[in-house]
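The values are calculated or read from the model by the stated rules, or taken from the named source; none is laboratory data. Since the model is a prediction, treat every value here as computed from it, not as a measurement. Here the Cβ is made from the backbone with ideal geometry for all residues, glycine too, and neighbour counts use every protein chain on show.
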Amino acid sequence: MSTMRKQGSPGTCHLRARFQRWGLAPYALARAVMGSLALFACLISAALPALARPLDDVMQSKVLRVIVYDDFAPFSWTEESGTVKGIDADIGRAVAKELGVEANIIARIAGEEVDDDLRSNIWQGPRTGGPVGDVMLHVPMEREFIARNNLVGISNSYHHEKVAVAVHREMVDPALALKAFAKAKIAVQFSTAAHYYIMFADDEAYKNQVQPYRTMQSAVESFMSREAAGIIGPRSELEYLLGSKVGDVEILEPEYDTDIRMSWTIGTAVKQDSRDTGYAIGRALRTLENSGKLDEIFKSYGVTRVPPPTP
């Protein structure tokens, strides 16, 4: 990733950005006013909350603010008691422990785009108020996505997800893979990558057999009641929702001839000027991986961790 660069104080940096955005920076008057305001900002900066959290600030506060998605089992969700549970929540706690600080796990609902989530949770803050995170988990590590979000540092891959197909062996022949669903029903969550794919794959050969459901939970329930011979979706979600019944079915990972993203790697995001926090988190994740703790966290939710492919 890009190298770390020295930053001015938060007040000065944001004043500079504001003038540039308004198009006033080239003018002498603007420069003079900016100098006065920057001096004022420096005088009051001690009274303002830090807008970025470099590692020194995190260690001094003894708290790591970890953003995870809400309503996103098995990776993260909020129980009625208010406790945030899930794979990502536990990873956040384990990372904080490695750093010698406490974890403040903050679960937030996903926005329309992941870009919006990074803005709200890492570099700008929620429009409805609330703290900015020191790190956000479950961030996709796509080259184009990383390039266009240059206000954050995205790295530290820790899991590779892939769309899989689970089948009842007694209802279809697993050796046929997707071709079995030219005549057999297959369940899927509505309006997902898996749904789009199975509707149009192989010249719409499976379209009439697709049974879409509003939630993955409903799709799995249909599958387990034998209303469908198969189900397609992210492997982690399938394994988690199938639970103790996962051994009763066969999970396949077919080759998908499509431009639709059917596998992806996830990692972490920190603010661009807090990359030292990201580096420390990366070291903690590697320690957790080498000790087997990372795999144990996934396994505790019935999910198989898949190491990210080597770049």
Hits in the range 95-112 (condition: under 16 Å from L285 (Cβ atoms) and touching a residue at least 40 places away in the same chain (Cβ under 8 Å))
V95, E98, L99, G100, V101, A103
Near pairs, Cβ below 6 angstrom, 6+ apart or cross-chain, from the range 224-244 (closer than 21 Å to I297 by Cα and small (G, A, S)) to any residue that is surrounded by fewer than 19 Cβ atoms within 10 Å (Cβ to Cβ) and at pLDDT 95 or above
G243/G302
From the list A193, A177, exactly one residue is surrounded by 14 or more Cβ atoms within 10 Å (Cβ to Cβ), touching a Lys or Arg at 6+ places or on another chain (Cβ under 9 Å) and either of a type outside the set (D, E, K, R) or modelled with pLDDT under 95 (or both). Which is it?
A193
